[in-house]
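Each remark here refers to the structure printed beneath this line.
The values are calculated or read from the model by the stated rules, or taken from the named source; none is laboratory data. Quick caveat: nothing in here was measured; it's all calculated off a predicted structure. For neighbour counting, all protein chains shown are included, and Cβ atoms are generated from backbone atoms with ideal geometry for every residue, glycine included.
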Amino acid sequence: MKPENLKTKIFLDGGDPGETKEIIKILGFLDGQTTNPTLISKNPEARDRLERGDKFGREEIYSFYQDVVKEASSLIPGGSISIEVYADLSTKAEQMLGQGKEMFAWIPNAHIKYPSSGEGFKAAEMAVSEGLRVNMTLCFSQEQAAAVYAATSGAQKGDVFVSPFIGRLDDRGENGMDLISNILKMFRKGDRHVEVLTASVRSYDHMLYALQLGSDIITAPFKILKEWGEKGLPVPGDDYKYSVDNLKEIPFEEIDLEKKWREYDISHDLTVKGMERFSEDWNSLIVS
């Protein structure tokens, strides 16, 4: 059962419903699941097909993705399942929105993932106005998070997530966990309609520190959730110390949350790289 002192929602980051079933068994609960093109490309059935040289047709891959999220949704009916639109650097907001509306209809508990790019923010603004729930992914800066807040103004709490990718910041020597802390602090000044979803969790300590900081949601891969479950679902207290390991500090910025989203600096090279990687992984599944 979920510990009484656990306020953070726990999601599985994965594209294999078999893992979903096992984690629910280990933890006794699961609040949601996040998916993306890379995770779908690692699904055992997809991997088997690719190893046989049998790629998917364009319509077929969407049907496969739909089947995966439908099974996850049936396993976590009261939770949230994040489904990611295809978005390379040339994809326009209207195309993202069209995909998002189609995907949103797949299951009753969907959040649609849009990238934290100019076209992604445009798509999210339109999506929220049409009643879609969104998860703004590939977030790497406080200003991008502020833009998520502005672009989704008026949405209800629970309808909007922002997913800062901590592991990819760590990879280049920056303390990704600082970004979680900074965004949580910044959002305390607002109406709390955007929930912070700690993503790109690479270590058990990432998870523990995100719990200590009070992240609204954490999405973690199977291996880390399994370790947490086997250790008794600990929720760290004030005495827990996160080891920075010589990572460079990301300082807190005083940012006005009352501006229009276009007034923030939303550019980030890791967002661009992330979009390129996800689109490449998606295209690797499809017959060219």
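Could you look through the range 81-110, keep only residues that are part of a loop (DSSP other than H, G, I, E, B) and among the hydroxyl-bearing types (Ser, Thr, Tyr), and pick out the one that is surrounded by the fewest Cβ atoms within 10 Å (Cβ to Cβ)?
90
For the range 246-264, state whether one or more residues are among the aliphatic types (A, V, I, L, M), part of a loop (DSSP other than H, G, I, E, B), modelled with pLDDT under 95 and within 19 Å of residue 166 (Cα to Cα).
no
Among the numbered criteria (1) at positive phi; (2) of a type in the set (S, T, N, Q); (3) within 16 Å of the chain's Cα centre (by Cα), which one does residue 246 miss?
Status for residue 246: all satisfied but (3).
Among residues belonging to the range 173-201 that are assigned to a loop (DSSP other than H, G, I, E, B) and either out of contact with any strand residue (DSSP E or B) (no Cβ under 9 Å at 6 or more places or on another chain) or acidic (Asp, Glu) (or both), point out the one that is surrounded by the fewest Cβ atoms within 10 Å (Cβ to Cβ).
Per the stated criteria, the residue is 188.
Do any residues in the range 259-271 that are more than 11 Å from residue 115 (Cα to Cα) and surrounded by fewer than 13 Cβ atoms within 10 Å (Cβ to Cβ) have Cβ atoms under 7 Å from those of residues that are of a type outside the set (Val, Ile, Thr) and at pLDDT 95 or above, where the two are at least six apart or on different chains, and which pairs are they?
Hits for this filter: 260/150; 265/143.
Run residue 74 past the list (1) within 23 Å of residue 114 (Cβ to Cβ); (2) of a type in the set (S, T, N, Q); (3) under 20 Å from the mean Cα position of the chain (by Cα) and report the number of the one that doesn't hold.
(1)
Starting from the range 233-257, keep only residues that are closer than 15 Å to residue 176 by Cα and basic (Lys, Arg), then list their pairs with residues that are surrounded by 10 or more Cβ atoms within 10 Å (Cβ to Cβ) and modelled with pLDDT under 95 whose Cβ atoms are within a distance under 6 Å, requiring at least 6 positions of separation or different chains.
none
Name the pairs whose Cβ atoms lie under 6 Å apart, with the first residue in the range 183-198 and farther than 14 Å from residue 256 by Cα and touching a residue at least 24 places away in the same chain (Cβ under 8 Å), the second part of a loop (DSSP other than H, G, I, E, B) and not basic (Lys, Arg), and 6 or more positions between them or separate chains?
193/155; 195/216; 196/215; 196/216; 198/215
Could you tell me whether any residue of the range 53-62 is farther than 28 Å from residue 164 by Cβ, in a loop (DSSP other than H, G, I, E, B) and in contact with a Leu (Cβ under 7 Å, 6 or more places away or on another chain)?
Taking every residue of the range 53-62 in turn, at least one turns out to be farther than 28 Å from residue 164 by Cβ, in a loop (DSSP other than H, G, I, E, B) and in contact with a Leu (Cβ under 7 Å, 6 or more places away or on another chain).
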